[in-house]
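K.L.:
Got a structure here, written out as structure tokens. Questions coming.
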Amino acid sequence: MKIKNLYQLLVFFLSFSIQAQTGFFTKDPMQTFHLDGAKDNSSVPPSAPQILNDVVVTSNGNLGVGLLNPKTKVDVRSADQKGIIGLGTSSQTAAAAGGGAIRYSTGNIIQYSDGVSWHNLPMTLPPKAVVLANKSSALTLTNNTTALVNGWTVVTDSQSNFNGTTFTAPRNGFYIVSFNITLADGNIAQNSRIETIIESNTATNNIQTYRSVNSYPAWDVNTVNNIVGGNCTAIFNLVAGDTIQFKVFHNFGSNKSINTANTGTNNSISVYEL
């Protein structure tokens, strides 16, 4: 009898040690503890939509909600971008809550404890991106061709978002962009035009290309020489990492150089984050 009891005990502990991971509503746990809230995990590993309703605890005690590999003690950065932590109000003193505690307080503010007092979190918004640049270096624009305008001289770039050719959005939001270009004095062919173009790299929830057209029909006059130019202003809806560039098209009949005199007004760009 004693040998039989000992055998049963060994089988119990052996099965316990083999089962290193515990799953609730899933037969294939992916972490030390794995709860499948919707009971819908049908593959190993679960699909991305199936993971969204899962809760896991790793061997080092990290808690993940809507993801399988939490990187912090509490990680709710799920792929559906609904990883929101709800904070409640509390009458607990800052000393009792301890340093580093946070709460939602009256007046629609978030407060944190330093272990002595509750303090309002700063409400200052991040600085906005501002870029001002002009161009004095020579550039030849080929006839009947869309050309990228590069080599801009940066006057202001509050967050280093412009490399002289391309502006890169630092965060999601709306950006108002202006582009001014002037060509050197030269022949203007009849029925010609110049297009000033501002172009982003994305059309998702965004108008990708804006262009302003100045045309020169000249039906009743002879061909003339003059300085021509164009200006385009646009508002873009960008995601962090999206880019903007500046281009020109013309069909004046021959290659044209930009006007490099008085560059502050002749050739300039500006970008303001709204």
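The values are calculated or read from the model by the stated rules, or taken from the named source; none is laboratory data. Just so it is clear, the model here is predicted, and its values are computed rather than measured. Positions of Cβ are backbone-derived with ideal geometry, glycine not excepted, and every protein chain shown enters the neighbour counts. When the accessible area is computed, the model is the full protein with side chains, heavy atoms only, and any ligands, DNA or RNA have been set aside. Shrake-Rupley method; radii C 1.70, N 1.55, O 1.52, S 1.80 Å.
K.L.:
Would you confirm, using the coordinates I've provided, whether residue 81 is within 32 Å of the chain's Cα centre (by Cα) and at pLDDT below 90? Spell out the reasoning first.
P.N.:
Numbers: within 32 Å of the chain's Cα centre (by Cα): yes; at pLDDT below 90: yes.
Considered against the rule, which asks whether it is within 32 Å of the chain's Cα centre (by Cα) and at pLDDT below 90, residue 81 comes out as yes.
K.L.:
Can I ask one more? Please count how many residues of the range 252-274 are exposed (fewer than 14 other Cβ atoms within 10 Å of the Cβ) and in a strand (DSSP E or B).
P.N.:
1
K.L.:
I would also like to ask the following. Scanning the range 215-233 for residues that are touching a Ser or Thr at 6+ places or on another chain (Cβ under 9 Å) and of a type in the set (A, V, I, L, M), which turns out modelled with the lowest pLDDT? Outline the logic, then answer.
P.N.:
Step one: filter the range 215-233 for residues touching a Ser or Thr at 6+ places or on another chain (Cβ under 9 Å), giving 215-218, 227-233.
Still in the list and also of a type in the set (A, V, I, L, M): 218, 227-228.
Numbers: 218: 67, 227: 84, 228: 88.
Result: 218.
K.L.:
Which members of the range 34-49 meet the condition of being open to solvent by less than 70 Å² (accessible area, probe 1.4 Å) and within 17 Å of residue 70 (Cβ to Cβ)?
P.N.:
Initially, the range 34-49 is screened for residues open to solvent by less than 70 Å² (accessible area, probe 1.4 Å), giving 34-38, 40-41, 43, 46-48.
Within the range 34-49, 34, 35, 36, 37, 46, 48 qualify.
K.L.:
Can you run down the residue pairs with Cβ atoms below 8 Å, 6 or more apart or on separate chains, where the first is in the range 57-74 and at negative phi and of a type in the set (Lys, Arg) and the partner is assigned to a loop (DSSP other than H, G, I, E, B) and surrounded by fewer than 15 Cβ atoms within 10 Å (Cβ to Cβ)?
P.N.:
These pairs meet every condition: 73/61.
K.L.:
Collect the residues in the range 86-110 that are within 14 Å of residue 121 (Cβ to Cβ), outside any strand (DSSP E or B) and open to solvent by less than 70 Å² (accessible area, probe 1.4 Å), keeping them in residue-number order.
P.N.:
Those that are within 14 Å of residue 121 (Cβ to Cβ), outside any strand (DSSP E or B) and open to solvent by less than 70 Å² (accessible area, probe 1.4 Å): 87, 94, 100, 101, 107.
K.L.:
So, one more: Residue 180 - would you say it is of a type outside the set (Lys, Arg), outside any strand (DSSP E or B) and open to solvent by less than 50 Å² (accessible area, probe 1.4 Å)?
P.N.:
On the way: of a type outside the set (Lys, Arg): yes; outside any strand (DSSP E or B): no; open to solvent by less than 50 Å² (accessible area, probe 1.4 Å): yes.
Considered against the rule, which asks whether it is of a type outside the set (Lys, Arg), outside any strand (DSSP E or B) and open to solvent by less than 50 Å² (accessible area, probe 1.4 Å), residue 180 comes out as no.
K.L.:
So how many residues does the range 223-251 have that are over 12 Å from residue 198 (Cα atoms) and surrounded by fewer than 20 Cβ atoms within 10 Å (Cβ to Cβ)?
P.N.:
Number of matching residues: 12.
K.L.:
Just to check your reading of the model, which residue among 170, 127 is surrounded by 15 or more Cβ atoms within 10 Å (Cβ to Cβ), under 19 Å from the mean Cα position of the chain (by Cα) and not in a strand (DSSP E or B)? Walk me through it before giving the result.
P.N.:
On the way: 127 fails: surrounded by 15 or more Cβ atoms within 10 Å (Cβ to Cβ).
Exactly one of 170, 127 is surrounded by 15 or more Cβ atoms within 10 Å (Cβ to Cβ), under 19 Å from the mean Cα position of the chain (by Cα) and not in a strand (DSSP E or B), namely 170.
K.L.:
Before we move on, is residue 74 surrounded by 12 or more Cβ atoms within 10 Å (Cβ to Cβ), closer than 28 Å to residue 121 by Cα and among the hydrophobic types (A, V, I, L, M, F, W, C)?
P.N.:
On the way: surrounded by 12 or more Cβ atoms within 10 Å (Cβ to Cβ): no; closer than 28 Å to residue 121 by Cα: yes; among the hydrophobic types (A, V, I, L, M, F, W, C): yes.
Judged against the criteria, residue 74 is not a match.
K.L.:
Assuming residue 136 fulfils every condition listed in (1) open to solvent by 60 Å² or more (accessible area, probe 1.4 Å); (2) assigned to a strand (DSSP E or B); (3) in contact (Cβ under 8 Å) with a residue 60 or more places away in the chain apart from one, which condition is it?
P.N.:
Here residue 136 meets the rest and fails (2).
K.L.:
For the range 18-33, which positions are open to solvent by 60 Å² or more (accessible area, probe 1.4 Å), farther than 14 Å from residue 69 by Cα and assigned to a strand (DSSP E or B)?
P.N.:
Residues satisfying the conditions are 22, 24.
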